[in-house]
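Below: the structure, in structure tokens.
The values are calculated or read from the model by the stated rules, or taken from the named source; none is laboratory data. Because the structure is predicted, anything quoted here is derived from the model rather than measured. Neighbour counts run over all protein chains shown; Cβ positions are idealised from the backbone, glycine included. All accessible areas refer to the heavy atoms of the entire protein, side chains included, with ligands and DNA or RNA removed. Shrake-Rupley method; radii C 1.70, N 1.55, O 1.52, S 1.80 Å.
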Amino acid sequence: MSKRDYYEVLGVGKDASDDELKKAFRKAAVKYHPDKEGGDEAKFKEVNEAYEVLKDRQKRQRYDQFGHAGVGGSSGGGGYGGGNPFEGFGGGQGGFEFNFGDGGLGDIFGQFFGGGGTQRGPVRGRDVETQIQLTFEEAVFGVERELAFDMDDECSHCHGSTVEPGHELKTCPVCKGAGQQTRVMNTMFGAIQQAVTCETCKGRGKVPEKVCTVCRGNGTERRKQEVTLKVPAGIDDGATIRLKERGEATANGPKGDLYVHIRVKAHKKFTREGDLILSEEHVSMVDAALGTEIAVDTVDGKIKMKVPAGTQSGTDFKLSGHGVPHLRSDRRGAHIVQIVVDTPTKLSKKQKELLEQFGGAKKRGIF
């Protein structure tokens, strides 16, 4: 679905001032805010995205020149609520997905409101977190990394059952298979009964007839594990990749998850904005006036680009298809090249005379 023109979204003209943009945004934001009766979250996001672009002078200039492709395409904007742009992206390597987490708020609220006191059934293994650093090019094109960890893995002798082979699990003699025990606490309100996880069977309701002689009933062994991580093309700094059940093991339960936090090194020449790559190229005053062809550095190598005669400093040129790949498609953003015209600081006597002649000719109206 194609995006609407940002000026149309805010209901202003292309010559709108900063104050007019701000007033139009506030009016539309109040009208469509999703917390308001009759609000519209989709339109609120659209309004917010339009304002995020048009309030920035450089982004607005690129938008006026190149349209949506000049401001990062579908990756641009500042959507309401800080939504996850990678939501739902997954597949391969055991079903990885991008995940920004909820900070464990569910567990915290569960403890406050009665959900965190007991646990029935197998305990989930511990999550593991790590961080890797990528170059700018690795983030653009994707890369495969081998990661190694010392983690609790399934016991090689009992395969996580905690039982010595040849023996079985039996009903826990303490909780009688319930997995819970009743604990009485004396409080200022009197005696209160609370159901808690059985300490003997850890909530499983069963215990080994004979514990495993290798893991001593833990169900796990500490060992080195290697994980192959496929980082997709187009990933950005600050993203997190979640590999399901690639964390630590636990007895009779599922493994935890592995979270890999991505950091991307700054590039000496390129910067990134959504799916755009931005850079500058310097040309001399003479080349800018007469026109020239320059070799532009891109992530794909050097690309020849024409600089038309009369180009002003600060002019942007778009190299389509040389930006950052989209995570959900085969398309790539653009590379925006801003031209910087260098004014000479040291001139020979002859050069000064020629410039003075040129300046005098302009005053007489020859050019």
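Quick look at the numbers
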{"item": "Conditions (1) modelled with pLDDT under 95; (2) open to solvent by 20 Å² or more (accessible area, probe 1.4 Å); number of the one not met by VAL163", "result": "(2)"}
{"item": "Long-range neighbours under 8 Å by Cβ, at least six apart or interchain, first residue open to solvent by 70 Å² or more (accessible area, probe 1.4 Å) within segment 33-45, second assigned to a helix (DSSP H, G or I) and of a type outside the set (Asp, Glu)", "result": "LYS36/VAL30; GLU41/TYR32; GLU41/TYR80; LYS43/ALA28; LYS43/TYR32; LYS45/TYR80"}
{"item": "Condition check for VAL128: β-branched (Val, Ile, Thr), touching an Asp or Glu at 6+ places or on another chain (Cβ under 9 Å) and either at pLDDT 90 or above or open to solvent by 40 Å² or more (accessible area, probe 1.4 Å) (or both)", "result": "yes"}
{"item": "Filtered residues of segment 195-235 (kept if open to solvent by 70 Å² or more (accessible area, probe 1.4 Å), in contact (Cβ under 8 Å) with a residue 40 or more places away in the chain and acidic (Asp, Glu))", "result": "GLU209, GLU226"}
{"item": "Hits in segment 169-220 (condition: in contact with a Lys or Arg (Cβ under 8 Å, 6 or more places away or on another chain), modelled with pLDDT under 85 and on the phi > 0 side of the Ramachandran plot)", "result": "GLY203"}
{"item": "One residue from GLY238, GLY247 being of a type outside the set (S, T, N, Q), free of Cβ contacts under 8 Å to residues at least 60 places away in the same chain and not in a strand (DSSP E or B)", "result": "GLY238"}
{"item": "Members of segment 322-362 that are surrounded by fewer than 11 Cβ atoms within 10 Å (Cβ to Cβ) and of a type in the set (Gly, Ala, Ser)", "result": "SER329, SER348, GLY359, GLY360"}
{"item": "In segment 289-337, the residues that are more than 21 Å from GLN61 (Cβ to Cβ), touching a residue at least 40 places away in the same chain (Cβ under 8 Å) and part of a strand (DSSP E or B)", "result": "PRO325, ARG332"}
{"item": "Residue that is nearest to HIS157 (Cα to Cα), among those in segment 184-229 that are part of a loop (DSSP other than H, G, I, E, B) and polar (S, T, N, Q)", "result": "THR213"}
{"item": "Of all residues making up segment 268-305, the number that are farther than 17 Å from ARG332 by Cβ and either in contact with a helix residue (DSSP H, G or I) (Cβ under 9 Å, 6 or more places away or on another chain) or open to solvent by 30 Å² or more (accessible area, probe 1.4 Å) (or both)", "result": "16"}
{"item": "Qualifying residue in segment 147-154 (condition: more than 30 Å from ILE235 (Cβ to Cβ), open to solvent by 70 Å² or more (accessible area, probe 1.4 Å) and either at pLDDT below 90 or not charged (D, E, K, R) (or both))", "result": "no"}
{"item": "In segment 272-293, the residues that are in contact with a strand residue (DSSP E or B) (Cβ under 7 Å, 6 or more places away or on another chain) and small (Gly, Ala, Ser)", "result": "SER279, SER284, ALA288, GLY291"}
{"item": "Filter result for GLN181 (assigned to a strand (DSSP E or B), touching a residue at least 40 places away in the same chain (Cβ under 8 Å) and within 44 Å of the chain's Cα centre (by Cα))", "result": "no"}
{"item": "Residue that is nearest to LYS352 (Cα to Cα), among those in segment 255-267 that are open to solvent by less than 10 Å² (accessible area, probe 1.4 Å) and of a type in the set (Val, Ile, Thr)", "result": "ILE262"}
